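To keep things clear, I will list the structure first and then write my remarks on it.
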Amino acid sequence: MSVTVPAGFVAAGVHCGVKDDPASLDLALVATDDGVAVIAAAVFTTNKAPAAPVEVSRGHLAATGGRAAAVVLNSGNANAATGSTGRSHAEHTCALVAGALGCAPEEVLVCSTGLIGIPLDIDAVSSGVAPLAGARSNDPAAGAAAATAILTTDTVAKQVVVSRPGFTIGGMAKGAAMLAPNMATMLAVLTTDAAVGSADLAAALGVAVGQSFNELTVDGATSTNDTVMVLSSGRGSAPSGTVFRDALAEACASLAAQMADDAEGATKVVTVRVVGAASDDDAARAARKVAESQLVKCSLYGADPYWGRIISELGSAGVTFDPDLVSVAYGGITVCAGGVAAGHDGDAVASHMAGRCVEIVADLGLGAGHASLLTNDLTPGYIDENMRTS
């Protein structure tokens, strides 16, 4: 379960001092084993206040025509809202890593996650680059160290491996809050040895992100640092048809589900499905309105199947809607039909609501449009985590 499983990649994670706790890893590396750049693709935050690492990595991918030899990531500080100094720090980090690996600075991509608006301790990062490069290995433990070093408020590392005949995909991610499309307060780095072209890699990543990270919303907030990257060594076979795209989507979906399960303060992982909509776009908009409703989230924390709140959100979602046609079900048990209360087994619904995983299905009764989102309940634990700088 590591980014080092695909042929041609190494990783490492060390403590450099961005985080105060010397036992906390806070600097990570994923790189090619020979320091040679390979094809790469990335999807970045849509936030119009992008962090310095986002700006630098975008520029580096443009300069190399979509190639990279390494990704360096720090946690504990987002290097966001830090102006030209922040961009200089991000470039300096890339230059140091390039020097250690023997590649060009623009062949290094950089990510940061943590506190916004606070200058990055570049001296700490700089001091960590040499030991980080020295620790790089293709051992799974090195991949696990890298996955741990990118965590902030996460409680567990998030890793995935998806294997297909002739190639493998490995991945790691972090994210526990500010999780909203497009993408989340999240970083994800994936590696593969599949022999795919640059355009195909970028297209597959776009599809995979759309079916995973963009279908996850914890709190409706979009971060300044969201980044998903994939590097391909090309040392495996060339997949035919949609085999690679589907495998990459599976890997990203696993990482997104792991993030939902580790969301700040969450006691429930909730799937909101809207079916029977006039279009897929309507279904997606309606599902998001329900998934991001604070009232609905509070009901979920209380294990209360208050379907009236769902009807209200659907009716205000700005989509085609007829209150006389809608139905709502919790865990496959219909509690509302034709826009009014439906007889049901209350004990069965209560049992479903008491569980860790909850499913809400709203059928608009209008067409074939459908969409699904992952979300969580709103809890005192989330408020405790976010009522101060964190």
For helix 140-149, what angle does its Cα long axis make with the longest principal axis of the chain, in degrees from 0 to 90 and rounded to 10?
70
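Once you have a ≥ b ≥ c as the square roots of the Cα gyration tensor eigenvalues for region 28-185, tell me rounded if a/c is under 1.5, and otherwise prolate or oblate according to whether a/b is larger than b/c.
Values: a/c = 1.33, a/b = 1.13, b/c = 1.17.
In terms of gyration-tensor shape, rounded.
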Once label points are set 7 Å from the Cα along Cα→Cβ at both residue 141 and residue 198, what is their separation, rounded to one decimal in nm?
3.9
Quick note, region 98-159: a/c under 1.5 would make it rounded; otherwise a/b > b/c is prolate and the rest oblate (a ≥ b ≥ c, C-alpha gyration tensor); here it is oblate
Compute the helix-to-body angle for 52-64: its Cα long axis versus the longest principal axis of the chain, expressed 0 to 90° and rounded to tens.
70
Per the charge dipole of region 205-326 (beta-carbon charges, Lys/Arg positive, Asp/Glu negative, Cα centre), the residue among 294, 228, 277 reaching farthest to the positive end is 228
Hey, if you drop one equal point scatterer on each alpha-carbon of region 237-370 and run the Debye formula without solvent, what base-10 log of I(q)/I(0) do you get at q = 0.17, 0.18, 0.21, 0.23 Å⁻¹?
-0.92, -1.00, -1.22, -1.36
Out of 256, 124, 80, a Gaussian network model of the chain with alpha-carbon springs under 10 Å gives the largest mean-square fluctuation to 124
Rank 217, 46, 227 by mean-square fluctuation in a GNM of the chain with C-alpha springs under 10 angstrom and give only the top-ranked residue.
46
Quantify how much of the Cα-Cα distance distribution of region 149-302 extends past 22 Å, in percent.
43
Surface share of carbon and sulfur [accessible, 1.4 angstrom probe, percent] for region 12-154
54
Space enclosed by the convex hull of the alpha-carbon atoms of the chain, per residue, Å³:
131
Over region 1-99, volume per residue of the alpha carbon convex hull, in Å³:
124
How long, wide and thick is region 192-282, going by the Cα atoms along their three principal axes, in whole angstroms, largest first?
42, 34, 23
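From Cα pairs below 8 angstrom and at least 6 apart in sequence, can you work out the relative contact order of region 164-314, rounded to a whole percent? Could you put the intermediate results ahead of the total?
Values: 251 pairs, mean separation 38.1, N = 151.
Reported relative contact order: 25 percent.
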Rounded accessible area per residue of region 261-355, 1.4 Å, Å²:
43
Determine which lysines satisfy two conditions relative to residue 289: a Cα distance under 28 Å, and not lying fewer than 8 residues away in the same chain.
48, 158, 174, 268, 297
Probe 1.4 Å, accessible area per residue of region 52-140, Å²
37
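When the accessible area of region 187-288 is split by element with a 1.4 Å probe, what percent falls to carbon and sulfur? List each step's numbers first, then the result.
On the way: 1460 of 3080 Å².
Reported share for carbon and sulfur atoms: 47 percent.
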Structure-based [θ]222 nm, the chain - -39500 (n - 2.57) summed over DSSP H runs of at least 4, per residue, nearest 500:
-10500 deg cm²/dmol
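The values are calculated or read from the model by the stated rules, or taken from the named source; none is laboratory data. This structure is a prediction, so every number in the text was calculated from the model and none was measured. Every residue, glycine as well, gets a Cβ built from its backbone with ideal geometry; the counts of neighbours run over all protein chains shown. Heads up: the accessible areas ignore ligands, DNA and RNA and are worked out on the full protein's heavy atoms, side chains in. Shrake-Rupley method; radii C 1.70, N 1.55, O 1.52, S 1.80 Å.
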